[in-house]
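The values are calculated or read from the model by the stated rules, or taken from the named source; none is laboratory data. None of the values given here were measured: they were computed from a predicted structure. When we count neighbours, we look across all protein chains shown, and the Cβ atoms used for this are built from the backbone with ideal geometry, even at glycine.
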Amino acid sequence: MVDLSAYFARIGYAGSPRPTLANLHAISLAHTQSIPFENLDVLLGRAIDLAPEAVDQKLIFERRGGYCFEQNTLLLRVLQTMGYEATPLSARVRYQRPRDFTPPRTHVFVRVVLDEGTYLADVGVGAMSLTAALEWSVGREQLTPHEPRRIVFEDHRYFHQVRFGDDWHDVAEFTLEEMPPIDREVANWFTSAHPLSHFKNRLLVARASTDGGRISILNRELSFRDHAGAKNTHLFDSREALLAALLEHFGLAFPAGTEFQCPALDWP
């Protein structure tokens, strides 16, 4: 169970707790605009604890963010507490990766079954996080408060895709296989501790903005991306500038002098 009052206050959600499609969309939007995706604890050498009380303390009460195993398992428990029929599914993140490369199965998202049909919710895939649930309708373009999305079936696999301009890009690949807690624990260990995990080697922070765009940080680069995918970027020249941006744009407060252990942040 989740303290729904505390969670709703955290994301600024003022709707009802009824398990409806409209509320699923509204919670997806409010969550992605309020709780940033971030891997900062990994770069600070801290373990990522998936125990429900640890996730709630970090994301709700300490007003931090997290990555998919924190974000989407929180969403899963919120939806189940509200009375939704919700199930965690495993996936491989594919954004900006070619089809001939096989990424690890280190992503979890949520399937929700309603009277209106089956929907997919994913508030934990960084700057590609869904701001509305996707209807299980293969091949059909679906509008969201941010980018158009679709689900396609190719090469015996499903792909969640995003459209920028005229081009479709893979976001994640999946097979509808459920991801029980033990599988999430194993994948979480790889994601947070394995030397080859990209979360060990780059700083990532992102959230959806209220104008249909996205705000993100990749290492030293702050980006503002509009609805069509066009970006404006700014490079940080110091640790202090990075810490200031984390606070200003994501509400993430860290003490002066905090050092994130990342190869790309070798400040002069």
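I need a count of the residues in the range 223-239 that are loosely packed, with under 12 Cβ neighbours inside 10 Å, without any contact (Cβ under 8 Å) to a residue 24 or more places away in the chain and closer than 21 Å to residue 257 by Cβ.
2
Could you tell me whether residue 29 is among the hydrophobic types (A, V, I, L, M, F, W, C), in contact with a Pro (Cβ under 7 Å, 6 or more places away or on another chain), in contact (Cβ under 8 Å) with a residue 12 or more places away in the chain and in a helix (DSSP H, G or I)?
For residue 29, the condition - among the hydrophobic types (A, V, I, L, M, F, W, C), in contact with a Pro (Cβ under 7 Å, 6 or more places away or on another chain), in contact (Cβ under 8 Å) with a residue 12 or more places away in the chain and in a helix (DSSP H, G or I) - is met.
For the list (1) under 22 Å from residue 259 (Cβ atoms); (2) surrounded by fewer than 21 Cβ atoms within 10 Å (Cβ to Cβ), I need the number of the one condition that residue 52 fails.
Among (1) under 22 Å from residue 259 (Cβ atoms); (2) surrounded by fewer than 21 Cβ atoms within 10 Å (Cβ to Cβ), residue 52 violates only (1).
Please work out which residue is surrounded by the most Cβ atoms within 10 Å (Cβ to Cβ), limiting yourself to the range 55-80 and to residues that are within 21 Å of residue 255 (Cα to Cα) and without any contact (Cβ under 8 Å) to a residue 24 or more places away in the chain.
This residue is 58.
Are any residues in the range 42-81 aromatic (Phe, Trp, Tyr) and in a helix (DSSP H, G or I), and if so, which ones?
Within the range 42-81, 61, 69 qualify.
Within the range 223-268, work out how many residues are in a loop (DSSP other than H, G, I, E, B), over 19 Å from the mean Cα position of the chain (by Cα) and within 30 Å of residue 161 (Cβ to Cβ).
Going through the range 223-268 one residue at a time, the tally reaches 4.
Given the criteria of a type outside the set (S, T, N, Q), in contact with a Ser or Thr (Cβ under 6 Å, 6 or more places away or on another chain), more than 20 Å from residue 27 (Cβ to Cβ) and surrounded by 14 or more Cβ atoms within 10 Å (Cβ to Cβ), does residue 132 qualify?
No; evaluated as a whole, the condition is false for this residue.
Considering only the range 39-46, I want to know if a residue exists there that is crowded, with 18+ Cβ neighbours inside 10 Å and of a type in the set (Asp, Glu).
Scanning the range 39-46, I find at least one residue that is crowded, with 18+ Cβ neighbours inside 10 Å and of a type in the set (Asp, Glu), so the answer is yes.
Identify the residue in the range 198-222 that is in a strand (DSSP E or B) and touching a residue at least 60 places away in the same chain (Cβ under 8 Å) and, among all such residues, is surrounded by the most Cβ atoms within 10 Å (Cβ to Cβ).
The qualifying residue surrounded by the most Cβ atoms within 10 Å (Cβ to Cβ) is 208.
Where residues in the range 169-197 are surrounded by fewer than 16 Cβ atoms within 10 Å (Cβ to Cβ) and aliphatic (A, V, I, L, M), which of them is farthest from residue 71 (Cα to Cα)?
My answer is 196.
Residues in the range 5-23: is at least one touching a strand residue (DSSP E or B) at 6+ places or on another chain (Cβ under 7 Å), at pLDDT 95 or above, surrounded by 19 or more Cβ atoms within 10 Å (Cβ to Cβ) and aliphatic (A, V, I, L, M)?
Within the range 5-23, not a single residue is touching a strand residue (DSSP E or B) at 6+ places or on another chain (Cβ under 7 Å), at pLDDT 95 or above, surrounded by 19 or more Cβ atoms within 10 Å (Cβ to Cβ) and aliphatic (A, V, I, L, M).
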